[in-house]
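Take a look at the structure set out below.
The values are calculated or read from the model by the stated rules, or taken from the named source; none is laboratory data. In this text the structure is predicted, and so the values were computed from the model without any measurement. All Cβ positions, even for glycine, are placed from backbone atoms using ideal geometry, and neighbour counts span all protein chains on display.
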C-alpha cells in the first residue's frame, strides 16, 4: 500500500503495538482560500500526539492495540514511505478488519499477476475517478505518478483516462474496469472477449475485475467515513 | 458465507485438499422456456465429476489444491449447507485470494456487530439489487428469507427495498447503503447524522459502509465473471 | 394477471356476483425480520372478511359493485387461480376503468400473437425489473416460472435478464423492450431492424412494443398506489 | 384524442365503416431545410388516396375493416377535428386493440374526474416531454394550447414544465407525474401526502397516476413505431 | 441573434443610449389555464414603461446605459425583428458583458462557416432540447422554422431531433453536438472521424463544437436566471 | 487567463504578428508507463519550431496572423506566465474567434465582481470536474492552487468539491454551479434563494451562472478538440 504521512514519528520502541495518530486537522486541509470549515461529526483521530496531526475520518473510533504483525507492517510503512497511510489507521480500530484488509490489498496490488503494479494502480485511479473518491485519488494518483515516473499519467487517470495516450491493451483494461464500475449489470461475454482479443488471459480478467471491485469497495468506505489522505501524497512526483 | 449446490458429493476422505466441481451446466440454467444458449467463453468449471455439474463462471481457471484450512472450511459448508457456495469455488484457483476473501467475508457478515446478521444480509441484497447482480441476489436473497424466517422479505430486498415495511432504523440503514452504492461522492456528514439520529453508533456506521462496500466489490466480481449461483438457493424458504 | 380495498359493500348473500376482500395486512408483509411498519396512508382494503385479508393499495377507494361481466371474470379468477389478483381489486372502485384495463390486458397477454404467452410474460418481468415494481415482479415473476415450468427463469427476468441463457431472438426482444423502457427517445429504425433480422414481423414488433408499453403503465400505477401482490404468488413454482 | 395507415382497403361506397388513409409522406415532414431522408422501414400508411397523405408509422400493418362502433368514432373525429388522429389509424390494423385503446383513452381523458381536462392534458404533455415523444408532444401540446386558450402553456409543458407559472396544486400534480415517469421506484407515501396536502383526494391521486401511466405507455408505442402526428396539429392555436 | 418582443417602442431619439424595458408580466405567461403564479424572486425588468411589459429574468439588475454600438445594435434588432431579444436586455446591465456576448454570438451564428445558418440554429435547438431550456427553445425554435421555411422542423429539433428525417451529414452533426452536450468526457477521435467521414472539415468540427458549447453556456445562463422569451416568437412561422 | 507552456520562446522581434507553436508531442504525454499512442487525427499544431513542441488539439487548423492586440496579449502571457496558454493557441486560427473568447474570458474571470478571482476559479474547476475536462482541470486546478496559495484546494476542487472544508457561502456557490452544470432544467427560484440567503446579491448570482456557463462551453470545446494543457501547469504550486 504505497502511501505516507508527513514526518510521522517512528513508534517509540517501548510501545511496540500501539500507534500514535495525531489529532489536529492538518494545515492544508484548512484551506487558506477555502474558508474555515466546521468540524464534521466527531472526526476520528487515532492514538496520541505526533507531528502529523491528522484527522483520519469523520468517525470516532478508538485505535485498538496493534498485533505484532500489524505493528511490523506499520513500521515497514514508516520506514519505506515515511508514514503510515491513513486508510490503515482508519482500519486500526479493529485488528481482524485491519488484517483482512491488508491481506486482500497486498495480494491484489503486489502479488504476481499478468498486470503490472502500475497497471493495477491505473485501474485503482480510473475507478476512483468515476466514483470521485478524494482519498483514493490522492493516494493512488501519487502511486501512478511514482510507478510510471511520470507526473502527468496520474493526472490523466484521475481526471479522465480517455484523454490519455494509452496502448490498446491498457485502454481495453480501463474501459472494462470503468464499465464494471458504472454499469456492472451490463458486463457480458462480449466485454470479456474484448479483453481476450487485447491479449489478456482469463486469469488477467479476474485480476482486472478484482482490482476494480476492490476499489469500488474502498472508494465507498472512504466516502462513507470522509477519509482524508496523508498530506505528503500531494507533492510526490510532480516534476 | 451461507449458501449451497445440489447434491455436491462429499470430498472423498483420501483427497483432503482437493475439491471436485462438476462441469455440465445445470438443468435449470438451460431454461426450458428460454431457448438453448451457446456457451459463453470457456466457462470455468472446477474439479472432477459429480452430481452438481455446475458451471461456476465464464473464466477458465483451474482449481488449486485447497489448503487444509480451506478444505476444512469447504467441508463445513458442505456439512451445514449441503454444498460449497459457488463464489468459494470461483476463488479456489488461488489460495491466498480465497483465504483473503473468506477472512473478510466472515469478519464482515458473522463477527459481532451492532448490526444483526439479518441486517447485514439486508444490506447485501439491497446493494446487489441496485447493481442487478444475479449471483448475489440469489444467494443472499435466500439468506434473508432464512434469517428472517420470512419468504417475502428477501423478495422485497431484491426487488425494491423501498416497498418493504421497515422500521425507521432499518430504513435509514438501507437508504445510506444504497446512496453509498449509487452516488458515493454525495455522502456527507449530514448522511452520517441521519444514521446517528436513527440510533446507530459510529462503529455501526463503519459496519454499514463496510458491508455495502464489500457487496459493491462482490457484485462486480460476480458480474465480471458471469458467476452462477448454486441451484439449491432458489427453492430455499419459499413458504 | 392474477390479483382488493376499504368500505367495499358487503356482498349480499343473494348476489353471488360480488367478491369479498379481506382487510387485515397479511402476515408476511408485516415481516418478522423487518420491524413493525406504520400503515402508509389510509391503505385501501376491499370487501368483507375472508382468509386473504390483504391491504391492496395505499389509496382509500371504495369498491364499486361489480358488473355482471366483471363478477363473472372475478369468479373465473377465483376458480382458476384460487384468488382474485390484487390489481383487479385495485381497479374495482370504478367499473369502466376495470373493464378497460381487463380488455386491454387480456388482448395483449392472451390473444393470438407471434409472441408466445411466456415471451409476453418475459417482457413484462424484464420491464418491471427495470422499473423496480414490486407488485409486477411478484405477480409476473410467478407467471414466468409457471409458463416456463422453470423456477429459475422468473428469477433471471426479475434480477437481470442479461444473465439468462436466451436464444438470440428472445434476447433481441428483451433488449428492445428494455431500451424502449429506459430510453424510448433513442429507439430508431436500426432497432426495429435488429428485431426483423431476429425473425420478428412488423406485427410482432407492435406486440413487443405494446406489452412493454403496457407494463410501463402498470408499473407506474402500482408504484404510485403502493399496490401489494397477493401472498400466494411468492411460493408458486419454486421447485 | 385527436389523430391515420398502406394498403388499407379502398372504402367501398356501400361500406360506411371503412376509412381511407392517404399514402404520401406529407410535405412538411420532408423538411425543406432538413435534407432528403431515406424511408425508414416499410412505413405504414393506410388507405387509398386523400388529401392528407400521411405515413403513420414505420411498421407495415394493413388496416382492418372498422367495426361499426369504430367507424362511428372515426366519423365523429373527422367531423369534430377535421381528421382522424394518426394514433387511431395506427391501431386500426386490429379492432380489439383499437377498441381497448379507445375505451381506456376516453375514460381517462374525458370521463368525470377531480382533474380538469386541461390538467389531464398537462400531465400528458409533461410526461411526453420527459420521454421526448414527438407524436404525443405535437398532438397533446395542441390540446393544451386549445383547452387553455393559451398559445404559450402548451410550449411550456412540452419544453420544461418547471418554467411555467403554475399554482401550487398543479405544480404538485406535475411533479408527481414526472417523478413517477422518471423514477417510479422512488414514489412513496410521502409523495402521495404532498398531493393530499395540495388538495387532491385519493381518487384524484389514482387519476394522476393513471394518466401519467397511460402516456408512459403511449409514448413508448409511438416511439417504438415511429408514429407521426397529423400535420394539422402544428398550426393549431398559435396566436 | 434572430429574436423579437411585441411592440417594443423604439427608443426615443433624445435618449440614444438607454433602453426601456417594460415591467409587467406578459399576458400569456400568466396562463389562463395554468393558475395564478406567485412572482418568483424580484423579477428583473429593465428600463421604463412600454407596450411590451416583459419580465426578462428573475434577477433584479438595473439596465446600464447602452454604448453607442449597442444602441445601434438594439435599433437594428428593432428594425429587423420588431423587438430586442430578451437575452440582450438581460445582458444590458453591463456593457462589457453585453458586448462580449454579442461579439461571440454574431461570430458563431452569422460569420462565414462550412455550416449553414440553419444548421447552426439546428445545433442550437437540439442542444437546448437536451438541456430543456425554455428561453432558447422558444427563440431558436422560431429561428429554425424561419430559416427552413418549415413549421415542423423547429418542432422536431425542440422535441427529439432523432425523429427528424435528416440527411446523414446533418444527423452526424447533431449526434456529435448532443453527445458533446450530454457526455463531453466521452468524445474521442472516433467521434471526430464520424464527422470527417460525413464530409466535415476540421474547421467545421470546430464550428460544431463551438456552437454546441455556446448553447451549453447560454442554456445555463437562461435557466439560472429564469430568462423569459419575447412573446412574439411563439406565433412565428407556424403555417 | 492564467496558464503557460514550458520555455516557449519569445516571438522573434521581426515577426510581430505570428506565433510559433511547436509540433512534436511533448515528452510527458507520451507516458513512459502508458504505452505508445497512435496519433489521433491530424493533430493541430501551430506555427514554426520551438522548445515547447506541443500538439494543441486534434484538429488541423493553421494559425492565422495575430492582430496587434492579440500579439500584445500573447506577449503579455509569455511575460507573466512564461508561455501562451494552449487554449489561446487553439483559437488562434481565426482572429475574431480568438478576440471574442479573450474578451469574454477576461471580463468573466478578471473584471470586478462580488466573487473573488479565487472563487471564480473554484467554480471553473468544480464545473470542469463534473464534465471531466482534462484541459480545464489541469489549467484551472493550477490557478486555484496558485490563487489560494494552497496545494490541496485545487485537488479538492478537481476531485470532489464536496470533500473540501468550505464556508457555507462558498459551498452554496459551488452547489449551484454544479447543479446548473448537471441539471440546468431543475434550477428554480428556490435555488436562487439559497444563494441570496448565503449572502449573494442578484449580480453575484449572474456572475456565478456566467462563470459556470462559460466553463460548460469551454469544457466542451476542449473535449471536442482533444485540447492538451501546457505541461508547465502540472508542477505549479504543488508544495
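Observations on the structure shown:
- Among (1) touching a strand residue (DSSP E or B) at 6+ places or on another chain (Cβ under 9 Å); (2) closer than 27 Å to residue F:152 by Cβ - the single one residue A:151 does not satisfy: (1)
Condition check ((1) out of contact with any strand residue (DSSP E or B) (no Cβ under 7 Å at 6 or more places or on another chain); (2) at pLDDT below 50; (3) surrounded by 16 or more Cβ atoms within 10 Å (Cβ to Cβ)) across all residues:
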{"site": "C:15", "(1), (2), (3)": "yes, yes, no"}
{"site": "C:25", "(1), (2), (3)": "no, yes, yes"}
{"site": "C:42", "(1), (2), (3)": "yes, yes, yes"}
{"site": "C:47", "(1), (2), (3)": "yes, yes, yes"}
{"site": "C:66", "(1), (2), (3)": "yes, no, yes"}
{"site": "C:102", "(1), (2), (3)": "yes, no, yes"}
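- Residue match in segment B:52-64 (condition: assigned to a helix (DSSP H, G or I), modelled with pLDDT of 50 or more and more than 14 Å from chain C (Cβ to nearest Cβ)): no
- The numbered conditions (1) under 27 Å from residue B:218 (Cα atoms); (2) touching a helix residue (DSSP H, G or I) at 6+ places or on another chain (Cβ under 7 Å) are all true for residue A:94 except (2).
- Among the residues making up segment B:72-93, a single one is surrounded by fewer than 18 Cβ atoms within 10 Å (Cβ to Cβ) and not in a helix (DSSP H, G or I): B:82.
- Those helices (runs of 4 or more DSSP H) of segment E:107-223 in which 1 or more residues are within 12 Å of chain D (Cβ to nearest Cβ) occupy E:117-130, E:134-148, E:153-159, E:168-182.
- Among the residues of segment B:163-188, those that are closer than 16 Å to residue B:211 by Cβ and crowded, with 20+ Cβ neighbours inside 10 Å comprise B:170, B:172, B:173, B:174, B:176, B:177, B:180, B:181, B:184, B:187.
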